[in-house]
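Asks: The following block contains the structure, expressed as C-alpha cells.
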Amino acid sequence: MADISKDIERPLGQTIRPPRAASRGFSAGTVGATLAVLAVVGISGAIALREKPFRKPEVLAVSTPKVTTAPTPVAEPAAPKAATPPKEASPKTGGPQIIHVQTEEGDGPPKAAIVIRDPSTVGQNLKIAHIPDRALIETGATGPLPMRAADGRRPFDVYARPWSGSRGARVAIVIGGLAVSQTGTQAAIAKLPAEVTLAFAPQGNSIGRWMQAARQSGHEIVMQVPLEPFDYPNVNPGRNTLTVAASPDENLKSLHWALSRTTNYTGVMNYMGARFSADSAAMGPFMAELGKRGLAYVDDGSSARSLAPDLALKDGVPFVAGDTSIDAVQDRGAILKKLDELEATARAKGFAVGIGSAFDLTVDTVSSWVTEAKKRGIEIVPISAVAIDPQKG
C-alpha cells in the first residue's frame with residue numbers, strides 16, 4: 001500500500017518516477033577513447049622531454065619568420081648592364097617588357113594596369129647615370145673611347161636622359177663650355193634644370209669629375225669637338241683642332257683625343273668649324289667615325305654651309321641642328337627674347353633647339369625661364385629627344 005502521507009506532501013501535478021538503475025560499468029567505446037587520449041598525451045610528453053628535437057631548430061622557427069621589406073619598384077627606365085664590374089648595369093636588349101602595375105587601393109580588390117615598355121626607347125637609369133657602361137668603352141691611346149656594344153647598343157641610346165615621349169611643344173637647350181671654369185661649371189650643374197643638356201669642352205679640367213656630377217644631377221651630356229673655322233689660326237678653337245689641311249688619320253687622332261676626355265655622353269657638338277663642316281673631304285671621315293661609334297652629332301647651327309645633315313643621314317648618325325644661339329648678346333632681356341622665340345618655334349613645328357654658353361647670366365636666365373615655360377605647357381627635353389635618327393626611320 002502506498003504511503004498516503006508522502007503523496008499528500010508531494011506538489012500537485014508531479015508523478016512518481018521510477019528510479020533509474022545504476023550503471024554497472026563503462027562501455028567498450030568509452031574505454032577505447034580514454035586509452036587513445038592517454039597514448040597521445042604520453043607520446044607528446046616524450047617528445048617534449050627529448051634533449052634534441054627530431055626537427056631542426058631553424059625549421060621549427062618558421063612560426064615567427066624574419067620579415068624583410070622589399071624595395072618599392074621604381075617606374076623608371078631599366079638600367080644598362082655592364083660586363084664588369086657588377087655595379088654597372090645596362091638596359092635589356094630583348095623585346096618589349098610587360099609590367100603589371102597596381103594602380104588603386106581600396107575596399108575592393110586592387111585594379112591592375114599593364115605597361116608595355118620598349119627597351120630600345122629607354123635611356124639610362126638616373127640612379128646609375130654617372131657609371132660608365134664597360135660594354136660601350138674601347139681602350140684608346142689617350143683614354144676610353146665610346147663604341148657600339150657587341151649587342152648593337154649605342155652610347156646615343158644608353159646615355160640618353162629619359163623624357164615623356166609626348167609630341168607636345170618641346171624645347172631642347174644645350175649649354176656649352178663646361179669644365180673650362182671650375183666655379184662656372186659647378187654653378188651650371190647646380191642651377192640648371194636637369195632637362196637642360198650640358199656640353200663639355202675637351203680643353204677643360206677635371207672633366208671626369210664634372211661629368212659624374214652632371215649625370216648624377218640628371219643632365220644628358222655631349223662632348224664638344226674643336227673644328228676649323230674660317231680665318232684659322234687667327235681664330236683658334238684650341239688644342240687638337242680638326243683642320244681641312246690635316247690628313248684623315250691626323251683628324252681622327254685629334255677626334256679620339258677629344259672623345260677620350262670623358263665618357264657617358266650621347267654625342268658630340270662642334271665648337272666653331274664653319275670651314276671644316278663645309279668641306280666634304282674633311283667632314284666625311286669625321287662623320288663616318290661618329291656613325292661607327294654610335295654617337296650623335298649636334299650642329300650648333302652657326303653655319304648655313306654645313307654638310308652635316310646630309311652626311312649624318314648617309315652614315316646613320318643621329319642628327320640635330322640648333323635653331324638659334326640664345327646668348328650671342330650677353331643681356332638678360334636679349335636672352336629672354338631668344339628663349340621666347342624658341343617657344344614660338346616649338347609651338348609651330350613641335351620642337352626647337354637653343355645653344356648657349358655657361359656664362360653666369362645665361363645660366364641664371366635659362367633657369368628662371370625654364371620654370372615659367374613649364375607652367376605654359378612647354379616640355380624641356382634632352383637633345384637626344386629631338387634628334388633625327390636614321391637607324392629608327
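Every read-out reported here was derived from the displayed coordinates using simple, explicitly stated rules and does not represent laboratory data. Note that the structure is predicted; figures quoted are calculated from it, not measured. Here Cβ is always computed from backbone atoms with ideal geometry, including for glycine, and neighbour counts include all displayed protein chains.
Asks: Around LEU145, what is the net charge, scoring Lys/Arg as +1 and Asp/Glu as -1 over all other residues with Cβ under 15 Å from its Cβ?
Replies: +4
Asks: Something else: Taking the DSSP beta bridges in segment 128-392 as the whole, what percent of them are antiparallel, to the nearest 5?
Replies: In segment 128-392, DSSP labels about 10 percent of beta bridges as antiparallel.
Asks: Here's something else I'd like to know. In segment 128-392, what is the volume of the convex hull around the alpha carbon atoms, normalised per residue and reported in Å³?
Replies: 121
Asks: Once phi is turned into θ = phi - 60°, what whole-Hz ³J(HN,Hα) does the Karplus curve with 6.51, -1.76 and 1.60 give for every residue of segment 199-206, x standing for Gly and Pro?
Replies: With coefficients 6.51, -1.76 and 1.60, one gets 10, 9, 7, x, 7, x, 10, 6 Hz.
Asks: Here's another thing I want to ask about it. How much length is gained on full extension from LYS292 to ILE388, taking 0.36 nm per residue of separation minus their Cα-Cα distance? Provide the component values of the computation, followed by the final result.
Replies: Working: separation 96, 0.36 × 96 = 34.56 nm, distance 1.67 nm.
Taking 0.36 nm per residue and subtracting the Cα distance, the gain is 32.9 nm.
Asks: Now for a separate question. Apply 1/(1 + (r/R0)^6) to the Cβ-Cβ distance of ASP310 and LYS375, taking R0 = 41 Å, and write down the FRET efficiency to the nearest 0.05.
Replies: 0.60
Asks: Can you list which of the trypsin sites (Lys or Arg not before Pro) found in segment 244-308 are DSSP loop residues with at most 11 other C-beta atoms within 10 Å? Walk me through the numbers on the way to the answer.
Replies: Details: sites: LYS253, ARG261, ARG275, LYS292, ARG293, ARG305; in loops: ARG261, ARG275, ARG305.
Those satisfying the criteria are ARG305.
Asks: Next question. Distance check, please: which entries in LYS253/LYS292; LYS338/LYS375; LYS337/LYS392; LYS292/LYS314; LYS191/LYS349; LYS127/LYS292 exceed 23 angstrom between their Cα atoms?
Replies: As for pairs spanning more than 23 Å Cα to Cα, those are LYS337/LYS392; LYS191/LYS349; LYS127/LYS292.
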